[in-house]
Each structure stands twice: as structure tokens, then as C-alpha cells.
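Following: one structure in C-alpha cells, then a few remarks.
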Amino acid sequence: MIGKSRLFLSSTAIELLPSDRGASTMSRKLSASEICRNQDGIVTAVCLMILLLVTILGVMSVRTSTDDLQITTNHQIYSKSFYAAEAAKAYVWNKPDLYGSLNITPGNPVHFPDSSDPLTTHTIVSGANEAFNGEVEYLQSSVPPRGSGFQVGKFRAHIYRMNCDGHGPRDSVSRIEAGFYRIGF
């Protein structure tokens, strides 16, 4: 007999039983109402739909995780270059010759760490990818700021601008521009 067979598993043996419908089901056309009532294969279709949904959710999760990892890496790289620029500010603070009486010509910045080569960088830690360089430029002289504690007619405030470039991993660069003044005569 040609027809569908069902597979039943039992504890003793596997039996193949002929389908209840027989061969006539295969050769005749089914009406629309019979097709709607026929549930053969619906479990397979539902399982495939659920599998597709779970696959889409999995791909979206991996994509989100990858994006988060990229964002975190970029933030870490930016932070390292930013902290290198902050270290350049501390370097200027500890080198008074950069903003002393030798640097009082407007429009003529003094580069650091090497005043003769503006591209030279100072490595923060040996073997690390963090370094800095920059410039200190004298802008003008004016009266001391109000509340500074210095007498207006006797002292002058010498105003400077420093540009500090921090260099981090993957050729990242952060720039900090800061203004400051020193009190002098």
C-alpha cells in the first residue's frame, strides 16, 4: 500500500503502521476547508518560526555586544590620550622657564618638551603608548585680576595660553587648551 506511514517508538521495537487515510489522499485535490483543518506539519512550521526568532535575537545580541565593546575600547583610548594631555599641563606647571621672563614676546610660542622641535614628544611611562607635547604662548600683560590680592599699580598679570597635546594608543590625540597668568612686575 502506498501511503504515509507513522513511526512509533516503543520500548521493545519500532513499528511502522500504515496511515489511516491510505493512498487516495495523495491523488485527490484537497478543498480550502480541508487544507485549513489539516494540521500535518504545523509543528515543524512553528518550530522553524521560533528558531528563526531565536536566531534573530542571538544575532542582535552579538551585534549589541560588539558595539558596546567598540565603544568601551574607544573610550579607553580617548581617556589615555586625555590623561597624557593632563600630564602635559602638570609638566608646564613644573617648568617655570616655559612661562618665565624669557617668554614675554606675543606670537612666539615656546614648544615643550623640546623648544627647538615642536614634534618631539615626552613619553610618560617607558614602554607605554602615552606621550605629550605642546606649546606655551605669551598673549599680553594686564592689571592683576580682581580678588587676586596683588596691588593694581604695582604688579602686572602676564597672561599665557598653553596647548597641550596628549598622544595615546592607535594614534589618538587629545588637545587641552588652557589659559593662565603669572604675577610679575
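Every read-out reported here was derived from the displayed coordinates using simple, explicitly stated rules and does not represent laboratory data. As the structure is a prediction and not an experimental result, all values here were calculated from the model. Reconstructed Cβ throughout: ideal geometry from the backbone, glycine too, with neighbour counts over all protein chains shown.
Just subtract the alpha-carbon distance of Ser31 and Ser148 from 0.36 nm times their residue separation and send over the number in nm, one decimal.
32.5 nm
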What ranking, highest mean first, results for peptides 66-75, 153-162, 170-179 when packing means the other Cβ atoms within 10 Å averaged over each residue? 153-162, 170-179, 66-75
Under 16 Å from a label point 7 Å along Cα→Cβ of Glu177: give me every residue in the range 83-121 with its amide N that close. 107-110
Relative to the first principal axis of the alpha-carbon coordinates of the chain, what is the inclination of helix 42-93, with its axis defined by its Cα atoms, in degrees from 0 to 90 and to the nearest 10? 10
Relative contact order %, the chain, counting alpha carbon pairs below 8 Å whose residues are six or more apart: 17
Calculate for the chain the 222 nm mean residue ellipticity that helices alone would give, adding -39,500 (n - 2.57) per DSSP H run of length 4 or more and normalising by residue count, nearest 500 deg cm²/dmol. -11500 deg cm²/dmol
Along the positive direction of the dipole of the chain (beta-carbon charges: Lys, Arg +1; Asp, Glu -1; about the Cα centre), which of Gly41, Ala88, Thr123 reaches farthest? Gly41
Report the per residue volume, in Å³, of the convex hull enclosing the C-alpha atoms of the chain. 344
